[in-house]
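What follows is a set of notes on a single structure, which appears directly below.
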Amino acid sequence: MSEMDTINKIRELRDAFGSFMTGVTVVTTCTDDGTALGFTANSFASVSLDPPLLLVSIAKTSSNYHHFAKAQHFAINILAEEQKDISNTFARPSDDRFANLSWKTSQYQNPIIDHVSAWFDCTTYQIVDAGDHAILIGQVENFASAGFAGLGYYRGAYFTPAKSSTDVISSMKVMMMALIGHENQILLEQTADGKWTLPHLLVNKDGAEKALEKIFSVYQPEASPSFIYSVYDDITTQQQYIAFLCNTPVLQAHKGQFIDLNDLEQLTFVDSALESMLMRYRKENYLKTYGVYYGNQTTGTVRQIVKEEV
């Protein structure tokens, strides 16, 4: 199976998982020094009534993973339908996600968010390794339910009981990007507000391969793909990005312009994720050793896949 087929399969699997409607929760705990931590999760499920057990999963790439993996207690906050902003806050990078939030500390020193639909105060019962995630199983020590309608999640979008079914049907959009390089140059395009980005195109029903072909036809027809360089989700916009490392024998472009890699610091990019990827590419291009990034817009892992002789 080719890399593109693998990526398409992963995307299809994600969409299939997304067809199961879930609620939205914020999972919380406190460190030994009392610092409150939390993350948004829709992987919550009840497990057992006797003993009372529940579970939630956390990605190993999460900045919170190591704290929750060793925490003796954690809480599940089931968000109410008007708490979409709280979900977004806990899904985005932040120095203090609790700064403008109304909450209290539970008996087991877990943050309980005000006005949630329900909450469960738990001791950690078991942690199960599960591929790129870990499953946190908690034993419920205390709980409360306010009876508020919960916030839902379906196919990459929020929904509430009041939202019509036509509004709910949607899926994570996929953006194809091309790192078209020529020796120590990379093809970039400047936006209307003066920021820089890679050639890109939203993937439609024709698929990712066709999107890449269209990028080449617009920017540099003699370019050709080498391998997938980066796959990540922007959890703030619910959009997935697939970046292909590409080469061209020609240092001219129909659209955009080639920029020397040594000049990247002089540019302002559309977002920090793109800037980080290009800085990694500059280093790897110098070393002639490349890897593929998997994760989200802030954290992930790089796996070495190509090593060329200098």
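The values are calculated or read from the model by the stated rules, or taken from the named source; none is laboratory data. Owing to the predicted nature of the structure, the values given are computational and were not obtained by experimental measurement. Here the Cβ positions follow ideal geometry from the backbone for every residue, glycine too, while neighbour counts run over all protein chains shown. Side chains included, ligands, DNA and RNA excluded: accessible areas come from the protein's heavy atoms. Shrake-Rupley method; radii C 1.70, N 1.55, O 1.52, S 1.80 Å.
Exactly one residue among 61, 40 is part of a strand (DSSP E or B), farther than 19 Å from residue 144 by Cβ and touching a residue at least 24 places away in the same chain (Cβ under 8 Å), and that residue is 40. For region 198-234, a tally of residues being in contact with a Ser or Thr (Cβ under 8 Å, 6 or more places away or on another chain) and assigned to a loop (DSSP other than H, G, I, E, B) returns 3. Taking the conditions exactly as written (under 30 Å from residue 41 (Cβ atoms), open to solvent by 80 Å² or more (accessible area, probe 1.4 Å) and either of a type outside the set (Asp, Glu) or outside the structural domain of residue 41 (by the TED database) (or both)), does residue 303 satisfy them or not? In short, yes. Search region 235-265 for residues being part of a loop (DSSP other than H, G, I, E, B) and under 30 Å from residue 40 (Cβ atoms), and hand back the single one that is most open to solvent (accessible area, probe 1.4 Å). Looking at the filtered set, the residue picked out is 237.
Looking at region 64-86, is at least one residue open to solvent by 50 Å² or more (accessible area, probe 1.4 Å) and among the hydroxyl-bearing types (Ser, Thr, Tyr)? The answer is no, given that none of the residues of region 64-86 is open to solvent by 50 Å² or more (accessible area, probe 1.4 Å) and among the hydroxyl-bearing types (Ser, Thr, Tyr). The set of residues from region 248-286 being touching a helix residue (DSSP H, G or I) at 6+ places or on another chain (Cβ under 8 Å), more than 19 Å from residue 297 (Cβ to Cβ) and among the hydrophobic types (A, V, I, L, M, F, W, C) comprises 253, 261. On the basis of being within 26 Å of the chain's Cα centre (by Cα) and either open to solvent by less than 40 Å² (accessible area, probe 1.4 Å) or not assigned by the TED database to the domain that holds residue 86 (or both), does residue 127 make the cut? No.
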